[in-house]
Amino acid sequence: MPTPKKGARLGGSPAHQKLILSNLAAQLIEHRGLTTTEAKAKMLRPYVEKLITKAKRGDQHARRTVMKKIPNKGIVAILFEELVPAMDSERAGGYTRLIRVGNRKGDNAPLMRIELVMEKVEKKAVVKAAEKTAEKAAEAKAVAAEAEEAAEAAAERAEEAREDGDLAMANEAEEVAAEAGKAEDAAEQAADEK
């Protein structure tokens, strides 16, 4: 004999709990989201995720297995023919999300919204883009630092040339310092934009 589940059942008996989960799963598949109590939502999540995982296989055996849990051909057809093809094929689990929505007015029971996640998985692309941006910013900062050093060196040469009395050399060094300053400003602006 199987070991009974510990804790309270949703409706009293095991058969009633199976019916409740079956009906909630059918409504979730049909409407792509529903609001229910926290206990029901938390029990529904793994139930539906296993059904979606089976439906991703798409074969006849998977369809019959899902029909055992949800005995409604229309809902099973929606799951296999509309929902699963619309979901991201790279998503390996995490097909639902739970959102707390406060408490019920009558008995103050905590409510949760459970929804199907239909968005594409873009985590890898976002991380790669962030890494590229960080690399470009680091390069821009390095260029800005080099330009700053060049500007300081040119300014020092201009002062030395003035002290020595070579005005042509001082003017030339000041022009180089001005160009280096402009390059530094452009590099800093590019670093700030990234």
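The values are calculated or read from the model by the stated rules, or taken from the named source; none is laboratory data. These numbers come from a predicted model, not from an experiment. Neighbour counts are summed over all protein chains in view; Cβ atoms, including those assigned to glycine, are modelled from backbone coordinates with ideal geometry. Just the protein is used for accessible areas: all its heavy atoms, side chains included, with ligands, DNA and RNA removed. Shrake-Rupley method; radii C 1.70, N 1.55, O 1.52, S 1.80 Å.
Jot down the radius of gyration and Dmax of the chain, Cα atoms only, both in angstrom.
Reported Rg and Dmax, both Å: 32.7, 105.
Taking only Cα atoms and a 10 Å spring cutoff, compute GNM fluctuations for the chain and point out the largest among Arg113, Arg91, Arg157.
Comparing Arg113, Arg91, Arg157 in the GNM, the peak value goes to Arg157.
Quantify, in whole percent, the carbon and sulfur part of the accessible surface of the chain (1.4 Å probe; protein heavy atoms only).
Numbers: 6750 of 12940 Å².
Carbon and sulfur together cover 52 percent of it.
Mind ordering 128-141, 68-81 by average Cβ neighbours within 10 Å, highest first? Don't skip to the end; give the middle numbers.
Details: 128-141: 12.5, 68-81: 15.3.
So the peptides 128-141, 68-81, ranked by packing, come out 68-81, 128-141.
Using the structure shown, select from Lys73/Lys105; Lys68/Lys128; Lys56/Lys132; Lys42/Lys105 the pairs with a Cα to Cα distance greater than 32 angstrom. Can you show the working numbers first?
Values: Lys73/Lys105 35 Å; Lys68/Lys128 43 Å; Lys56/Lys132 34 Å; Lys42/Lys105 20 Å.
Beyond 32 Å between Cα atoms: Lys73/Lys105; Lys68/Lys128; Lys56/Lys132.
Between Ala145 and Ala129, what is the label-point separation in nm under the 7 Å Cα-to-beta-carbon projection?
According to this spin-label approximation, the distance is 2.9 nm.
How large are Rg and Dmax for the range 26-118 when only the alpha carbon atoms are used, in Å?
That works out to 13.9, 45 Å for Rg and Dmax.
Give, as a single signed number, the net charge of other residues whose beta carbon lies under 13 Å from the beta carbon of Ala15, with Lys and Arg counted +1 and Asp and Glu -1. Could the numbers behind the result be given before it?
Working: positive: Lys5, Arg9, Lys18; negative: none.
With Lys, Arg at +1 and Asp, Glu at -1, the neighbours total +3.
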